[in-house]
Amino acid sequence: MKRLEGKRALVTGTTSGIGRAIALRLAEEGADLAITGRRRERLDETAARARGLGAKVVAIVAEHTNPDDNARAVDEAVQGLGGLDVLVNAAGVIGNDCVLEPRPDEWRRILDCNLEAVYDLTRRAAPFLVAGDKGSIVNLSSIAGLRPYPTILAYCVSKAALDMLTQCLALELAPRGVRVNAICPGVVVSELHTATGAVADYPAFLERARSTHPLGRPGQPEEIAALAAFLISDEAGWITGGLHTIDGGRTLPSLR
């Protein structure tokens, strides 16, 4: 029997990067999936790959800053899978902003996607997770929520708030049998930085990660997906409220 067999998971942001890797890892380990993304063609590609791994898949085009889309996504996931055991909030954005050169629209865009959308989707999914057996929520945060970085003010604040949301939810939902954890990656090779233009020279950015991460390289989406699968599994049944760094040592206190 596969480790996640019988689990029904709603995974957001699955058209690329970490979200896609998590969806495919969960499918490989036996879960059935409802997956979301904004781009139909790429969402269908992820769905086809997950089905090829044996998963039942419901593909839902959704913009999670839209409450109506969140309501529809949860409804279609529950109807398509017959219930819901797992929520993975992997959708997120990054951008450059700072207080001396304020970009209020950018601040709101990032907070809306990285925090408000997660809260809205979670509150809609939580009743179904509680109704099931051994429910689990995994939020994709960042080491930028644990320590400050210049020029990405809104991103740091959104992830720090997401960490607190994770821990508050863990306390609230523990008596109902639902575990809530956050994953805090360092630099991971994905489209996150390039899609929004947050990094002008991406090859140089990845090369710098070789020196800023003690293990000498950036991470891969599949490594984050492996941790997510573990946290969702019954093997992690006594783990909740954790902010789990997976960063090649980036946040070690002896480093600048």
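When ranked by the protection proxy of mean other Cβ atoms within 10 Å per residue, highest first, what sequence do the peptides 111-117, 50-56, 31-37 form?
31-37, 111-117, 50-56
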Portion, in percent, of the accessible area of the chain that falls on carbon or sulfur, probe 1.4 Å: 55
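What does the C-alpha gyration tensor say about the overall shape of region 1-89? Classify as rounded when a/c is under 1.5, otherwise prolate if a/b is larger than b/c, or oblate.
oblate
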Asp44 accessible area, assembled protein chains, probe 1.4 Å, Å²: 70
Paired Rg and Dmax values of the chain, which use every Cα atom, in angstrom: 17.3, 56
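Going by average Cβ neighbours within 10 Å, how do the peptides 246-252, 86-92 rank, with the highest at the top? Spell out each step's value before the answer.
Working: 246-252: 17.7, 86-92: 27.6.
For the peptides 246-252, 86-92, the packing ranking is 86-92, 246-252.
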Within the chain, helix-based [θ] at 222 nm, where runs of 4 or more DSSP H residues each add -39,500 (n - 2.57), nearest 500: -13500 deg cm²/dmol
Qualifying lysines (Cα of each under 23 Å from Cα of Lys7; at least 8 residues distant if same chain): Lys56, Lys134
For Ile246, distant residues with modelled amide H under 5 Å away: Cys184, Gly186
Check: the chain dipole with +1 on Lys, Arg Cβ and -1 on Asp, Glu Cβ, in debye: 380
Volume in Å³ per residue [convex hull over Cα atoms, computed for region 54-93]: 87
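If you rank Ser158, Ser190, Ser211 by how much accessible surface each has, with a 1.4 Å probe, what is the order from largest down?
Solvent-accessible surface, decreasing: Ser211, Ser190, Ser158.
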Accessible surface, per residue, of the chain when the full set of protein chains is kept, probe 1.4 Å, Å²: 46
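The values are calculated or read from the model by the stated rules, or taken from the named source; none is laboratory data. Everything numeric in this text was worked out from a predicted model, so none of it was measured. A quick note on method: Cβ atoms are made from the backbone with ideal geometry, for glycine too, and the neighbour counts reach across all protein chains shown. Note: accessible area is taken over every heavy atom of the protein model, side chains too, but ligands, DNA and RNA are not part of it. Shrake-Rupley method; radii C 1.70, N 1.55, O 1.52, S 1.80 Å.
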